[in-house]
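Below is one structure; the comments refer to it alone.
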Amino acid sequence: MDQRTGLTNRLKALLKQYFPQALDLCGEELWRPLATALLLKWPTLQSLKKARKESLKQFYYLQGSRSQKLIDQRLECIDQAVPLTDELALLQSYTLRVQLICKELQLLLKTLEQFDQQIAKVFEQHPDREIFAALPGAGPVLAPRLLAGMGSERERFAGPANLQAFSGVAPVTKQSGGKRHVHRRYLCPKFLRQSFQEYAKESILHSRWAAAYYGQQRTKGCAHHTAVRALAFKWQRILWRCWQSRTVYKEALYEAALKKNKSPLVGLLDQIELGKSPVKTRAKKS
């Protein structure tokens, strides 16, 4: 994924120097098949202007862009566009470099598809699959990432605090005399921390208590990312317990535990509409 981002940024930088109109004609994500196919077929504005409108319409249609309004806007953009340069040597040089990157992106996407297929196959056969697949909102992308982050060796993390500190989700507290400073942990496996935070963010749309907790943190004045990290901290305690005991997470049991312990989140559960931002939902009802 990092390679795809790097190639996309290089491609964008090159296009800005001789063919900036391509950024509108190819869509926002230059790594997608539509963008690479267009640039391999018409690498310059001059070559694109020579193409027949019917050929362009057919190209967009075959690439999955079938909005007639959007196609008409792109055709109008091509008609009105003025080349940034007509110097043949520059156009030839940029064409070779752009088409090289497009071919690299096409090969990279095929490799990423193979990775996805292999990950799905291995995840399906893993003995802990049910534990992570049952997490609300994890899905086929985040569930394997969380499983890979936790691993199979239960003794690796003696307690949830070990997992929270190692992954960088737990904050760092510095205290001296009457001064106390709390900040996020900088030295940690960044991708592992990102995995837990991305899952926490996604769980807001699928878990009532998670949405209520996130909304509670925002109401207290926490910024979005701070609230998500706090939610990830909570999820790690739950996930660690399920992982250690090899127990599948059940939302109803956790909500029952919240009611038993008289958690302040209980009063917020009925206000939550899954699939919507809890902050926006409360604002709308008020």
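The values are calculated or read from the model by the stated rules, or taken from the named source; none is laboratory data. What you see is a predicted model; the values in this text were computed from it and never measured. Backbone-built Cβ (ideal geometry, glycine too); neighbour counts: all protein chains shown. These area figures cover heavy atoms from the full protein model, side chains too; ligands, DNA and RNA do not enter into them. Shrake-Rupley method; radii C 1.70, N 1.55, O 1.52, S 1.80 Å.
Numbers at a glance
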| quantity | calculated |
| --- | --- |
| Unmet requirement for GLY149, which otherwise passes all of (1) assigned to a helix (DSSP H, G or I); (2) open to solvent by 30 Å² or more (accessible area, probe 1.4 Å) | (2) |
| Tally of residues being in contact (Cβ under 8 Å) with a residue 24 or more places away in the chain and closer than 21 Å to THR5 by Cβ across the range 106-147 | 8 |
| Qualifying residue in the range 87-94 (condition: touching a Lys or Arg at 6+ places or on another chain (Cβ under 7 Å) and outside any loop (DSSP other than H, G, I, E, B)) | no |
| Any chance LEU84 is surrounded by 12 or more Cβ atoms within 10 Å (Cβ to Cβ) and either over 35 Å from the mean Cα position of the chain (by Cα) or assigned to a loop (DSSP other than H, G, I, E, B) (or both) | yes |
| Helices (runs of 4 or more DSSP H) completely within the range 27-70 that count 2 or more residues being open to solvent by less than 100 Å² (accessible area, probe 1.4 Å) and touching a residue at least 24 places away in the same chain (Cβ under 8 Å) | 33-41, 45-50 |
